[in-house]
1. Return the residues of region 313-359 that are of a type in the set (S, T, N, Q), in a loop (DSSP other than H, G, I, E, B) and open to solvent by 10 Å² or more (accessible area, probe 1.4 Å); say none if nothing qualifies.
2. So residue 49 passes all but one of these: (1) part of a loop (DSSP other than H, G, I, E, B); (2) over 28 Å from residue 219 (Cα atoms); (3) open to solvent by 20 Å² or more (accessible area, probe 1.4 Å). Which condition number does it fail?
3. Report whether or not residue 174 is acidic (Asp, Glu), in a loop (DSSP other than H, G, I, E, B) and within 25 Å of residue 426 (Cα to Cα).
4. For region 143-159, which residues satisfy the criterion of being open to solvent by less than 20 Å² (accessible area, probe 1.4 Å) and over 30 Å from residue 194 (Cβ atoms)?
5. In region 252-271, what residues are assigned to a loop (DSSP other than H, G, I, E, B), out of contact with any strand residue (DSSP E or B) (no Cβ under 7 Å at 6 or more places or on another chain) and either in contact (Cβ under 8 Å) with a residue 24 or more places away in the chain or open to solvent by 80 Å² or more (accessible area, probe 1.4 Å) (or both)?
6. Would you pick out the residues in region 182-207 that are open to solvent by less than 10 Å² (accessible area, probe 1.4 Å) and farther than 14 Å from residue 76 by Cα?
7. Which ranges mark the helices (runs of 4 or more DSSP H) fully within region 396-505 that have 1 or more residues being at pLDDT below 60 and surrounded by 10 or more Cβ atoms within 10 Å (Cβ to Cβ)?
8. What are the pairs with Cβ atoms under 7 angstrom where one residue, in region 276-290, is free of Cβ contacts under 8 Å to residues at least 60 places away in the same chain and the other, located anywhere, is assigned to a loop (DSSP other than H, G, I, E, B) and buried (at least 16 other Cβ atoms within 10 Å of the Cβ)? Sequence gap at least six, or different chains.
Amino acid sequence: MLLFTLGFLLAILQPSTGQFPRVCANVQSLLSKECCPPWEGDGSPCGELSSRGSCQNILLSQAPLGPQFPFSGVDDREDWPSVFYNRTCRCEGNFMGFSCGECKFGFSGLNCTERQVKTRRNIFQLTASEKNKFLAYLNLAKNIPSQDYVIATGTYAQMSNGSNPMFRDINVYDLFVWMHYYASRDTLLGGSNVWRDIDFAHEAPGFLPWHRVFLLMWERQIQRITGDENFTIPYWDWRDAEDCEVCNDEYMGGRHPTDPNLLSPASIFSSWQVICTRSEEYNSQQALCSATSEGPIRRNPGNNDKSRTPRLPSSADVEFCLSLTQYESGPMDKMANYSFRNTLEGFADPQTAISNPAQSGLHNALHIYMNGSMSQVQGSANDPIFVLHHAFVDSIFERWLRRHRPMLEVYPAANAPIGHNRENYMVPFIPLYRNGEFFKPSRELGYDYEYLQEPALQSFLDFLTPYLQQARQIWAWLVGAAVFGGIVTAVLTGLTRACRKKKGGTSSEIQPLLIESEDYNNITYQSNF
């Protein structure tokens, strides 16, 4: 029955989140550099007649960038999305979307006024039916075409500056694979020249906010194509795992019986075709990934280079990472020391926080450990384990936010690598999102994590930890103060008792209870911390 329902949805439902809006992928929109589609609710651009939004000039950040990208005007992703569009919909209130036709993350209802918080759960805590539904949803996304979005198959110059549009259709799952590729691809400099030290989604401050948006969009996409508004992405808690616990046919696919680099034929994912994995071929042709099939998912977990990734991350690695107080530091790239972001991403040692790109820790360790499609940055989202993995990485980011409660100003406003400053728009998302907009607790974005809710003590400890760390630095003074306070209390108590004996009269032990019953019930007991 579930497969029949999904097959029916495959034919009728349309997604609405992605990269280039189909209604703006035409000569008129590209030459005018305007993407302000009408909202279907009232037919006006951006739903202006209904006060949902209006067509506005894009305001680009003028903050200086870091030195990692020494070019200007050679990459379509610079000052995103101004090469393609300089006017888009600016939505009001809680409205969102390329036409202001959706609600912001965390809101729902006809007028987007209803707050909601949904819970992402451990994949091993799902019931059999919930787990099977998740797998079916993934397969549906791989087979349903995106009705609202297309992908670019050429650069703006190759499109003759907009007069020759080069776009193509793509399925919902691969749309997100392509977006991950497009954000992390090399810059094409002409001839056979490329610039590799560029990435709009990794190796810099935007790594965590970018993937947070990516997952929110992916989650909403599944909700829309299935009609299941309560769907949330499950996560895989890989701390202290001895092997790939989800790499079996019950979950994300086991090992092929004769070829250890492929998935078991019993897994639905064994028939999936990957895209955007041949970066050297695209570079040599000075071309973009066109999303054509490039073979099956490859995965050989554990048979990776042990000198680079000797083991999966431990709980101790995660706890040390969470103790780091600086979100970003130094050059704000993969060479940053004592940076929470760089340590969680995996370019810094998870025991010292010192940069060591030759080793892969935490987030990076999982990618390398999988030893296949997931181990190559641009095409890593082809493996559906990517979603489970990044949901858990996001939960660690969330723990850090709750523990340290940083102000928005903690996120770098300037001098970060290209695309990673606080006010930069994230590549390649349309509608537009700024990095700083997602440097906030997940509950404000409409979701939470199951293991961060239970037990409640964990949240209390995350809140208390910074204060305990400060207390350790002055513990000797605290002990001295406590001893002194005890002596003073003892002296005062002795004097009080002596005075009472001199006064005489009825002993306090036989005095009647002078508190009315209703007052007695209002007494609260307090303990000293």
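1. We begin by selecting, within region 313-359, every residue of a type in the set (S, T, N, Q); these are 314-315, 323, 325-326, 329, 337, 339, 342-343, 351-352, 355-356, 359.
Of the ones still in play, those that are also in a loop (DSSP other than H, G, I, E, B) are 314, 325-326, 329, 337, 339, 351-352, 356, 359.
Answer for region 313-359, where residues must be of a type in the set (S, T, N, Q), in a loop (DSSP other than H, G, I, E, B) and open to solvent by 10 Å² or more (accessible area, probe 1.4 Å): 314, 325, 326, 329, 337, 351, 352, 356, 359.
2. So the condition that residue 49 fails would be (1).
3. Numbers: acidic (Asp, Glu): yes; in a loop (DSSP other than H, G, I, E, B): no; within 25 Å of residue 426 (Cα to Cα): yes.
When the stated conditions are applied, residue 174 does not pass them.
4. Once the filter is applied, which keeps residues that are open to solvent by less than 20 Å² (accessible area, probe 1.4 Å) and over 30 Å from residue 194 (Cβ atoms), region 143-159 yields only 144.
5. Of everything in region 252-271, those that are assigned to a loop (DSSP other than H, G, I, E, B), out of contact with any strand residue (DSSP E or B) (no Cβ under 7 Å at 6 or more places or on another chain) and either in contact (Cβ under 8 Å) with a residue 24 or more places away in the chain or open to solvent by 80 Å² or more (accessible area, probe 1.4 Å) (or both) turn out to be 252, 257, 258, 260, 261, 265.
6. Those that are open to solvent by less than 10 Å² (accessible area, probe 1.4 Å) and farther than 14 Å from residue 76 by Cα: 201, 204, 205, 206, 207.
7. Working: elements: 450-453, 456-473, 475-503.
Helices (runs of 4 or more DSSP H) meeting the threshold: 456-473, 475-503.
8. The qualifying pairs are 278/294.
The values are calculated or read from the model by the stated rules, or taken from the named source; none is laboratory data. Everything numeric here is computed off the predicted structure, so don't read it as measured data. Don't worry about glycine lacking a Cβ; one is built from the backbone with ideal geometry, like all the others, and counts go over all protein chains shown. Note: accessible area is taken over every heavy atom of the protein model, side chains too, but ligands, DNA and RNA are not part of it. Shrake-Rupley method; radii C 1.70, N 1.55, O 1.52, S 1.80 Å.
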